[in-house]
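Inspection log for the structure reproduced underneath, given as structure tokens.
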Amino acid sequence: MRLNTIPTPGQKRPGLDFSQLTVGLPGRISFLSPARLALITDAWFPQVNGVVHTLSMVNKHLSDMGYQILVIHPGLFQTFPLPGYKEIRLSLLPSRRLVKMLQAFQPDRIHIATEGTLGQAARRYCLKNDLRFTTAYHTKFPEYINIRTKLPLRAGYAMMRRFHAKAAGVMVATESLREELQRYGFDNLTLWNRGVDVKMFRPDHSVRLPYPEPVMVYVGRVAPEKNLEAFLKLDLPGTKVIVGDGPIRKRLMRQYPQAVFPGYKSGPELAAFYIGAQVMVFPSLTDTFGLVLLEANACGTPVAAFPVTGPRDIIRPGINGVVDWDLKKAIKQALLVDAASCRELALTYSWEVCAEKFSDALVSIHG
């Protein structure tokens, strides 16, 4: 079973009592079970993004495989807002409490998912105690920082390379990301694909959106690094729909009043936007994967995107979408893609396989 590490409103933060931690049914584990995994992440609920969704789904399936899991996340600490992203909160001086939690839990596997204050503290603990650990490269922070502060990419990648350099393995989502990081001097890179819930996201011919067609939908954070204006400024018939929230949503609503901004959606409501759209548009140049691409495909909706890391690994031209440096051209051509072939490709991804690959990439803390 999973360890519930998310305090409800008014509930005290949990202490170091692990008595509620129980073992699920034994499953496919490549080492002696039950394995005790400490998963350290600066990205967790109530944040809404691909990293949180991926980790929560993997957490669920690893529990079913027999893992005992301790998720160490910002909700267990005092936090402060990340400058420029007030909805994202980082742990304030977490080292002492984090060390106590790890020592009480006694994990035999440690995975550091993110490079924030919790990730930094966990990395220091592992290096100090000569413990092996794995990391993952979820987010292109050098590009994000460059967009916001103009810090050179070379400097940003130097910081990221230093963080990941001591890991026994660095998990990456796509082959093109692995090649890109290798060019920046990263080592020990291992491929870890993502999954999609094909039961939640599936075609439904009864769903219609109340907007002039073709409906072109974007799903994700409404933030500068998502390059949304490359989509919004295009002169196209139909309706542009921006599903999600973020720091520039209000500005874009004022600047592009002809577009529809329904805000953040989840579950069946989110699926309805994918299903009712004729094309999913993904203008980001900085994502490492893009789970929303698979969710759209699972609903039978083709994707139009730039040919960058993430889309070019997932999109097979004419099969489940189109990539082109001319986004307007990509959108027009994607409208011609067959819905059935989109769904067929999405069915080749699953969270079960994603969790198994994650399990295979983990290492013993003592080798």
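Selection within segment 130-160: residues that are modelled with pLDDT of 95 or more and in a strand (DSSP E or B). The member of this set that is surrounded by the most Cβ atoms within 10 Å (Cβ to Cβ) is ALA136. On the stretch given as segment 48-79, residues that are surrounded by fewer than 19 Cβ atoms within 10 Å (Cβ to Cβ) and under 18 Å from ALA122 (Cβ atoms) total 4. Here GLN47 clears all of (1) part of a loop (DSSP other than H, G, I, E, B); (2) among the polar types (S, T, N, Q); (3) free of Cβ contacts under 8 Å to residues at least 24 places away in the same chain except the condition numbered (3). One residue alone among LEU55, LEU76 is under 19 Å from the mean Cα position of the chain (by Cα), at pLDDT 95 or above and assigned by TED's automatic domain parsing to the domain that holds MET171, and that residue is LEU55. Just wondering, is there one or more residues in segment 355-362 that are touching a Lys or Arg at 6+ places or on another chain (Cβ under 9 Å), in a helix (DSSP H, G or I), closer than 19 Å to THR288 by Cβ and in contact (Cβ under 8 Å) with a residue 12 or more places away in the chain? Within segment 355-362, one or more residues are touching a Lys or Arg at 6+ places or on another chain (Cβ under 9 Å), in a helix (DSSP H, G or I), closer than 19 Å to THR288 by Cβ and in contact (Cβ under 8 Å) with a residue 12 or more places away in the chain. I'm trying to understand the selection: among the residues of segment 168-217, which are touching a Phe, Trp or Tyr at 6+ places or on another chain (Cβ under 9 Å) and at positive phi? Result: GLY185, single match. No other residue among ILE88, ILE110 is within 18 Å of ALA165 (Cα to Cα) and β-branched (Val, Ile, Thr) apart from ILE110. So for segment 316-338 (the condition being closer than 21 Å to ARG221 by Cα, modelled with pLDDT of 95 or more and aromatic (Phe, Trp, Tyr)), does at least one residue qualify? Scanning segment 316-338, I find no residue that is closer than 21 Å to ARG221 by Cα, modelled with pLDDT of 95 or more and aromatic (Phe, Trp, Tyr), so the answer is no. Checking each residue in segment 315-328 for being surrounded by fewer than 19 Cβ atoms within 10 Å (Cβ to Cβ) and either touching an Asp or Glu at 6+ places or on another chain (Cβ under 7 Å) or aliphatic (A, V, I, L, M) (or both) picks out only ILE319.
Just a yes or no: is a residue in segment 179-189 in contact with a helix residue (DSSP H, G or I) (Cβ under 8 Å, 6 or more places away or on another chain), buried (at least 19 other Cβ atoms within 10 Å of the Cβ), of a type outside the set (A, V, I, L, M, F, W, C) and outside the structural domain of VAL292 (by TED's automatic domain parsing)? The answer is no; no qualifying residue exists. Residues that are at pLDDT 95 or above and of a type in the set (Gly, Ala, Ser) within segment 84-129 comprise SER91, SER95, ALA104, ALA113, GLY116, GLY119, ALA121, ALA122, listed in sequence order.
Any chance segment 114-131 includes a residue that's assigned by TED's automatic domain parsing to the domain that holds TRP44 and over 18 Å from SER95 (Cα atoms)? So far as segment 114-131 goes, no, none of its residues is assigned by TED's automatic domain parsing to the domain that holds TRP44 and over 18 Å from SER95 (Cα atoms).
Residues checked against (1) surrounded by fewer than 23 Cβ atoms within 10 Å (Cβ to Cβ); (2) in contact with a Pro (Cβ under 7 Å, 6 or more places away or on another chain); (3) of a type in the set (Val, Ile, Thr):
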| residue | (1), (2), (3) |
| --- | --- |
| LEU291 | no, no, no |
| THR301 | no, no, yes |
| VAL308 | yes, no, yes |
| ASP313 | yes, no, no |
| ALA330 | no, no, no |
| ALA339 | yes, yes, no |
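Residues considered: ALA173, ALA136, ALA168. Of these, the only one that is aliphatic (A, V, I, L, M) and closer than 22 Å to PRO34 by Cα is ALA168.
Among the residues in segment 117-124, are any touching a residue at least 60 places away in the same chain (Cβ under 8 Å) and more than 23 Å from the chain's Cα centre (by Cα)? Within segment 117-124, none of the residues are touching a residue at least 60 places away in the same chain (Cβ under 8 Å) and more than 23 Å from the chain's Cα centre (by Cα).
Residues of segment 94-115 that are in contact with a helix residue (DSSP H, G or I) (Cβ under 8 Å, 6 or more places away or on another chain) and either polar (S, T, N, Q) or farther than 18 Å from SER359 by Cβ (or both): PRO94, SER95, ARG97, LEU98, VAL99, MET101, LEU102, THR114, GLU115. Applying the condition of being of a type in the set (Gly, Ala, Ser) and either over 20 Å from the mean Cα position of the chain (by Cα) or surrounded by 17 or more Cβ atoms within 10 Å (Cβ to Cβ) (or both) to segment 243-289 and asking which residue is nearest to ARG316 (Cα to Cα) yields SER284.
The values are calculated or read from the model by the stated rules, or taken from the named source; none is laboratory data. Model, not experiment: these values are computed from the prediction. Cβ: placed from backbone, ideal geometry, glycine included. Neighbour counts: every protein chain shown.
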